[in-house]
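Step one of this worksheet: look at the structure below.
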Amino acid sequence: MIALCSFQDPTTLKGTWKFVGGIYNGKKEGAPTEYALQRKYDDAHYEAFAIQEGYNDEKYETGDYLLKGDTCIDTETFCSQPSKITNIPIHYLYNLKNDTLTLKGKLPTGMIVEEYWKKIK
(Lines give C-alpha, C1' and ligand atoms only; values in the text may rest on other atoms or scores of the structure.)
Protein backbone atom coordinates (compact mmCIF):
# COMPACT_ATOMS: atom_id res chain seq x y z
CA MET A 1 0.00 0.00 0.00
CA ILE A 2 1.12 3.51 -0.69
CA ALA A 3 0.07 6.49 1.39
CA LEU A 4 -1.08 9.43 -0.67
CA CYS A 5 -2.14 12.78 0.69
CA SER A 6 -2.11 15.47 -1.97
CA PHE A 7 0.73 13.51 -3.57
CA GLN A 8 2.88 13.95 -0.46
CA ASP A 9 3.53 11.57 2.39
CA PRO A 10 2.12 12.96 5.64
CA THR A 11 4.52 13.45 8.51
CA THR A 12 2.01 12.86 11.30
CA LEU A 13 -1.25 11.09 12.15
CA LYS A 14 -2.21 13.92 14.50
CA GLY A 15 -5.86 13.75 15.55
CA THR A 16 -8.39 11.36 17.06
CA TRP A 17 -9.17 8.10 15.29
CA LYS A 18 -11.94 5.56 15.98
CA PHE A 19 -11.47 1.84 15.30
CA VAL A 20 -13.99 0.68 12.69
CA GLY A 21 -12.90 -2.93 12.11
CA GLY A 22 -10.13 -5.14 10.87
CA ILE A 23 -8.97 -8.42 9.42
CA TYR A 24 -6.96 -10.75 11.67
CA ASN A 25 -5.29 -13.81 10.09
CA GLY A 26 -7.84 -13.56 7.28
CA LYS A 27 -10.88 -13.29 9.60
CA LYS A 28 -12.90 -10.08 9.29
CA GLU A 29 -13.97 -8.48 12.57
CA GLY A 30 -16.12 -5.42 13.09
CA ALA A 31 -15.66 -2.78 15.74
CA PRO A 32 -17.08 -3.62 19.16
CA THR A 33 -20.66 -2.43 19.62
CA GLU A 34 -20.76 -2.05 23.42
CA TYR A 35 -17.80 0.37 23.51
CA ALA A 36 -15.58 2.37 21.14
CA LEU A 37 -11.82 2.18 20.70
CA GLN A 38 -10.07 5.47 19.99
CA ARG A 39 -6.49 6.55 19.45
CA LYS A 40 -5.33 10.11 20.01
CA TYR A 41 -2.17 10.87 18.05
CA ASP A 42 0.16 13.84 18.44
CA ASP A 43 3.26 14.35 16.30
CA ALA A 44 5.08 11.24 17.55
CA HIS A 45 2.98 9.47 20.21
CA TYR A 46 -0.46 8.01 20.74
CA GLU A 47 -2.80 7.09 23.55
CA ALA A 48 -5.53 4.47 23.08
CA PHE A 49 -8.81 4.49 25.00
CA ALA A 50 -11.81 2.23 25.45
CA ILE A 51 -14.88 4.46 25.70
CA GLN A 52 -18.21 3.25 27.05
CA GLU A 53 -21.21 5.38 27.93
CA GLY A 54 -21.69 5.64 31.70
CA TYR A 55 -18.05 4.75 32.47
CA ASN A 56 -14.79 6.66 32.68
CA ASP A 57 -12.64 6.38 29.55
CA GLU A 58 -10.02 3.67 30.07
CA LYS A 59 -6.52 4.24 28.71
CA TYR A 60 -5.42 0.79 27.60
CA GLU A 61 -2.31 1.54 25.53
CA THR A 62 0.27 4.22 24.76
CA GLY A 63 3.05 4.26 22.25
CA ASP A 64 5.37 6.04 19.88
CA TYR A 65 5.17 6.09 16.10
CA LEU A 66 7.18 7.28 13.13
CA LEU A 67 6.06 7.60 9.51
CA LYS A 68 8.73 6.72 6.91
CA GLY A 69 7.56 6.50 3.31
CA ASP A 70 4.69 4.00 3.26
CA THR A 71 5.63 2.56 6.66
CA CYS A 72 4.34 3.41 10.12
CA ILE A 73 6.72 2.17 12.81
CA ASP A 74 4.63 1.68 15.95
CA THR A 75 6.14 0.92 19.36
CA GLU A 76 3.73 0.17 22.19
CA THR A 77 5.20 1.59 25.42
CA PHE A 78 2.37 0.71 27.83
CA CYS A 79 -0.49 -1.77 27.77
CA SER A 80 -3.04 -2.29 30.55
CA GLN A 81 -3.23 -6.00 29.64
CA PRO A 82 -0.37 -8.49 29.40
CA SER A 83 1.30 -7.88 26.04
CA LYS A 84 4.05 -9.58 24.05
CA ILE A 85 4.69 -6.52 21.89
CA THR A 86 5.55 -3.84 24.48
CA ASN A 87 8.73 -1.99 23.42
CA ILE A 88 8.96 -3.96 20.14
CA PRO A 89 8.80 -1.78 17.01
CA ILE A 90 6.19 -3.06 14.55
CA HIS A 91 6.36 -2.00 10.92
CA TYR A 92 2.97 -1.46 9.32
CA LEU A 93 2.23 -0.48 5.75
CA TYR A 94 -0.19 2.38 6.08
CA ASN A 95 -2.63 4.06 3.76
CA LEU A 96 -4.55 7.29 4.29
CA LYS A 97 -7.61 7.69 2.08
CA ASN A 98 -10.07 10.47 2.84
CA ASP A 99 -10.73 10.06 6.58
CA THR A 100 -9.64 6.40 6.89
CA LEU A 101 -6.29 5.08 8.09
CA THR A 102 -5.40 1.49 7.21
CA LEU A 103 -2.58 -0.26 9.08
CA LYS A 104 -1.42 -3.59 7.67
CA GLY A 105 1.37 -5.76 9.01
CA LYS A 106 2.60 -8.87 10.75
CA LEU A 107 2.91 -8.90 14.54
CA PRO A 108 5.89 -10.58 16.25
CA THR A 109 3.42 -13.31 17.30
CA GLY A 110 2.93 -14.13 13.60
CA MET A 111 -0.58 -12.71 13.37
CA ILE A 112 -1.36 -10.88 10.12
CA VAL A 113 -3.41 -7.75 10.83
CA GLU A 114 -5.19 -5.12 8.79
CA GLU A 115 -6.93 -2.45 10.86
CA TYR A 116 -9.20 0.41 9.82
CA TRP A 117 -9.40 3.66 11.79
CA LYS A 118 -11.70 6.60 10.93
CA LYS A 119 -10.59 10.14 11.78
CA ILE A 120 -13.14 11.86 14.00
CA LYS A 121 -11.15 15.00 15.03
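Some values worked out for this structure:
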read-out: Partner aspartates and glutamates for LYS40 [C-alpha distance under 15 Å; skip if fewer than 8 residues away on the same chain]; value: ASP57, GLU58, GLU61, ASP64, ASP74, GLU76, ASP99
read-out: Extreme residue, positive dipole direction of the chain, given options ASN56, ALA36, ASN95 (C-beta unit charges); value: ASN95
read-out: Solvent-accessible area per residue, Å², over the chain with all protein chains present [probe radius 1.4 Å]; value: 62 Å²
read-out: Estimated dipole of region 29-113 in Debye, rounded to 20 [Cβ of Lys and Arg +1, of Asp and Glu -1, Cα centre]; value: 400 debye
read-out: Solvent accessible area, Å² - TRP117, 1.4 Å probe, full protein context; value: 10 Å²
read-out: Accessible surface ranking that places the most exposed of THR86, THR33 first, with a 1.4 angstrom probe; value: THR33, THR86
read-out: GLU29 paired with LYS119, simple spin-label distance in nm, labels 7 Å along Cα-to-beta-carbon; value: 2.6 nm
read-out: Solvent-accessible ranking of CYS72, CYS79, largest area first, probe 1.4 Å; value: CYS79, CYS72
read-out: Members of LYS68/LYS121; LYS97/LYS121; LYS27/LYS68; LYS27/LYS97 lying beyond 21 Å, as alpha-carbon distances in this model show; value: LYS68/LYS121; LYS27/LYS68; LYS27/LYS97
read-out: Gained length - THR86 relative to LEU66, 0.36 nm times residue gap less alpha-carbon distance; value: 5.6 nm
read-out: Contour excess over end-to-end distance, with Cα ends at ASN98 and ALA44 and 0.36 nm allotted per residue; value: 17.3 nm
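The values are calculated or read from the model by the stated rules, or taken from the named source; none is laboratory data. Source: prediction; values computed, not measured. Cβ: placed from backbone, ideal geometry, glycine included. Neighbour counts: every protein chain shown. Just so you know, the surface numbers come from the protein's heavy atoms only, side chains and all, with ligands and any DNA or RNA stripped out. Shrake-Rupley method; radii C 1.70, N 1.55, O 1.52, S 1.80 Å.
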